[in-house]
Structures are given as structure tokens and as C-alpha cells.
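One structure below.
Every number in this text was worked out from the coordinates using simple rules, so none of it is lab data. Model, not experiment: these values are computed from the prediction. When we count neighbours, we look across all protein chains shown, and the Cβ atoms used for this are built from the backbone with ideal geometry, even at glycine.
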Amino acid sequence: MNKELSLRQIAYMFVFISISPIIRQLPRALASEAGRSAYISPFWSAIAMILITAIVLGLLKAFPGFNLYEIMLQLAGTFFTKIIILGYLLWIMLSLVAKINIYSHTLQFTLMPQTRSNFFLITLIVLVSYALLRGIKTVFRFSEFTLGTILVLFIILFLCALPKVRPDYLLPVSTIHLMDTVRASKSILAVGGNIIIVLFLADKLGISITTKQKRRVWIGVLIFILLNFFITLFTIGITGASLTANLPFPFYITVKSISFFNILERFEVIVTLICTLSDFIAICIFTILTIRCLEWLFQLKEKSFLYAPLITIIYYLTFYVSKTQFEFEFLYQNVILYINLIFQYAIPILLGLLCLIKGKKIKKQY
């Protein structure tokens, strides 16, 4: 079987598309629920992240060369598989629309406040179309080559921010608020659950997956947890829990006060650029997943005719779902977050249980 992608590339892509929500929305969501203790939440979320990653890697081992659709056919049969794939299609389209919305809102809030969202949407359509025409591998290679530079920038940013952290904003941590930190971790899980994208693209990994490649996935999960911890820690430690909980983009406001040896003082521009790149790659990936779900659902051999109607639907759906930052925040916190937990955790866990129950009775095709 041809190996179009590697597990390493998908793991790095997972981290890359997670950066934008980690920077933009997680500090605010955690601070609003857990206050000054919010930086503990990433460690609670690590428990569920370890479980779902183990399930994903276990399914890859049990069904070498199979994608999510083929795995579900073996475990649940055609009828239930079609229903679940339809659910995934609707969820992915909703997530895609949400990411396009937040991409526009981020640019309007930071660099281009006077620009209408139509301009961002049309520009985004052109860029995503060009990226996909270059092939799926180009998108993953961009994530792979760019991630290292971004992580180095974060390390520099954290070192420069360290003297500005106020311990009284972070300590003491009261045991009364520990349950709040556990409940707040659901916001992290709703982003970290994107690790299941591995299953959507598993047929492009080839049959043989080495231990070293699996280790890359665990490294990606570790980087995700640490980024959550440090960004939340520094945001609350510099800005304070109350402001972090009420600002629309608290990390962006936080980095405005940080300079690099009094030479570089525009870290917020770099943060906006990183968010924009992360959102762009996320939109490309979710567009690919949308097309894959349509192929599986309707058994399509040709997919090029899908592009024009799909672009039209997404364009108008973007305006229908949310027009302002406040509408998006309400939709995300009350709808998208919980739907994410269902499709990212509940269904994969169910598949893992079915795999354990059926065991050797599962018919494997190679």
C-alpha cells in the first residue's frame, strides 16, 4: 500500500492546528471556570488524552491500513456506519464553519478591525483551494516544517514573560477549587480530541507503523498538554484571572507587555500570525475530512464536482451560524464544545470497546 503520509506528520499537524484555540480561547474558558487555579486543568485533561490516544493507536494496530470508515464497517456494520459517518460529516462541517468564523474574528480584533468579514472569507477560499490543489501532502509538510520554529518562538516568549509573572495571581491554590479545575478541563479535551484525525487518514499511513512513529504521537500529545499549561499559566500570572476570564483574546493582550531585551516589542503581531497560520491549516484539514466523509457516505469515486457546491454551502453557513464574536463564544461554549466531546471521545471509546469484545472474530482485510 502506498504511504502518502507518516504518523509523525499527522501528530505534528495535530499540535499545529491546536495552537490557535490554545492561544485564543482556552485561557479565557479555563479562567472563567477555575479562576487562578486554571493552570492545573491541563494535567487533569492529560488523563483523558492518554486514554483516547491509546485507543487510536490500538485501533491502528488492530486494523492496519484501515481508515475510520473501514474500521466501523468491521465493528458496527454498514447501516450504523453510515449513520455515524453522517453525524461526523455534520460535526466536521460545523467545526469548519466555526474555524472560519474565528479566523475572521481574530484578524478583525487584532490587525484589521475595519475590514469586512467578506474579504477574509473570499481570500481564505482562494488560499485553501490553492493549498488543496497542491495536494494533501503539501499541507502536512507545511505543518511539519513550521511547527519547530513556532515552538522556539514560544520558548523565547515564555522566557521573556517570566519576570512579569505575579505569584499572587497564581497562588495559593485552594483545594475548594480543585473540582472546578476538573470541570474546566473539558474545554481542553474539546480541542485535544482532534487526535482522532489520525483515524480519518489511517489508510494513507501504509500497513506498517513503527514504534518510533507511535512515539511521535505521544510526543505530540505531551507538547499539546505543556502548551496549554504554560500559556494558561503566563496569561493568568501576568493579566490576572478576572481579566483573563472577561477579555476576548487574553493572551494577545498579555503579550503586549512583553519585549525581547527591549529590542522586539511587537510579540502580539507574531501571536496573531501564528493563530492565522494555525487556523488556515485547520480549515484545510477539516475541508479534506468533509470531502472524505462525503466520499464514504455516498461511495463516490470522483470528488472534484463537490468543491463548488461545498464552498457555496460553507460560505453562507458561516454567516448563518454566527456573525459576531459574542455569538461565536455562545455557540462554542453551549453547543460545539459538547458535540466535540461526543464525536472525539464517546464514539472512539465505543469503537475501542467493540474491538476488545469482538477480538479475533474481526475479519481483517489486507
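Which cross-chain or sequence-distant (5 or more) residues have an amide H under 5 Å from the amide H of residue 67, H modelled 1.01 Å from N in plane?
203
May I ask for the angle, rounded to the nearest 10°, between helix 178-192 and the longest principal axis of the chain, with both axes built from Cα atoms and the value confined to 0 to 90°?
Here the helix axis deviates by roughly 50 degrees.
Any chance you could give the angle, 0 to 90 degrees and rounded to 10, that helix 41-62 forms with the longest Cα principal axis of the chain?
20
Output the Cα-based Rg and Dmax of segment 56-183 in Å, rounding Rg to one decimal and Dmax to a whole number.
Rg and Dmax of segment 56-183, Cα atoms, are 21.8, 59 Å.
Search the structure for amide H atoms under 5 Å from the amide H of residue 206, placed 1.01 Å from N in the peptide plane, and list their residues when 5 or more places away or on another chain.
For residue 206, the qualifying residues are 4.
For segment 162-212, how big is Rg over Rh, using alpha carbon atoms and the Kirkwood form of Rh?
Values: Rg = 19.4 Å, Rh = 15.2 Å.
On the Cα set of segment 162-212, Rg over Rh gives 1.27.
Please work out the Cα center distance from segment 159-201 to segment 286-303, rounded to the nearest Å.
First find each Cα centre; the distance between them is then 35 Å.
Starting from the Kirkwood radius over alpha-carbon pairs of the chain, derive D by Stokes-Einstein at 37 °C in a medium of 0.692 mPa s and give it in µm² s⁻¹. The partial results should precede the final answer.
Numbers: Rh = 21.2 Å.
So the translational diffusion coefficient is about 155 µm²/s.
Compute log10 of I(q)/I(0) for segment 115-248 with the Debye formula, placing one identical point scatterer on every Cα and leaving out solvent, at q = 0.09, 0.10, 0.15, 0.20 Å⁻¹, to two decimals.
Scattering profile of segment 115-248, log10 relative to I(0): -0.45, -0.55, -1.08, -1.32.
Below 8 Å between Cα atoms, with a sequence gap of 6+, how large is the relative contact order for segment 32-188 in percent?
Values: 54 pairs, mean separation 95.4, N = 157.
Relative contact order for segment 32-188 comes out at 61 percent.
For the chain, with only Lys/Arg (+1) and Asp/Glu (-1) charged at the beta-carbon, what is the dipole magnitude about the Cα centre, in debye rounded to 20? Display every interim value, and only then the final one.
On the way: 32 positive and 14 negative charges, 225 e Å.
I would put it at about 1080 debye.
Computed from the mean reciprocal separation of all distinct C-alpha pairs, what Kirkwood hydrodynamic radius does segment 1-72 have, in Å?
Values: mean 1/r = 0.0673 Å⁻¹.
Kirkwood hydrodynamic radius for segment 1-72: 14.9 Å.
Connecting C-alpha atoms closer than 10 Å in a GNM of the chain, tell me which of 82, 303, 99 has the biggest fluctuation.
303
Please list, by residue number, everything in segment 188-206 whose backbone N is under 15 Å from a paramagnetic label point 7 Å out along Cα→Cβ of residue 338.
190
Give, as a single signed number, the net charge of other residues whose beta carbon lies under 14 Å from the beta carbon of residue 223, with Lys and Arg counted +1 and Asp and Glu -1.
Numbers: positive: 8, 215, 216; negative: 144.
Charge balance in the 14 Å sphere: +2.
Provide the FRET efficiency to the nearest 0.05 for the residue 306-residue 151 pair, computing r from the beta carbons and using R0 = 30 Å. Please list the in-between numbers first.
On the way: r = 35 Å, r/R0 = 1.18.
The formula returns an efficiency of 0.25 here.
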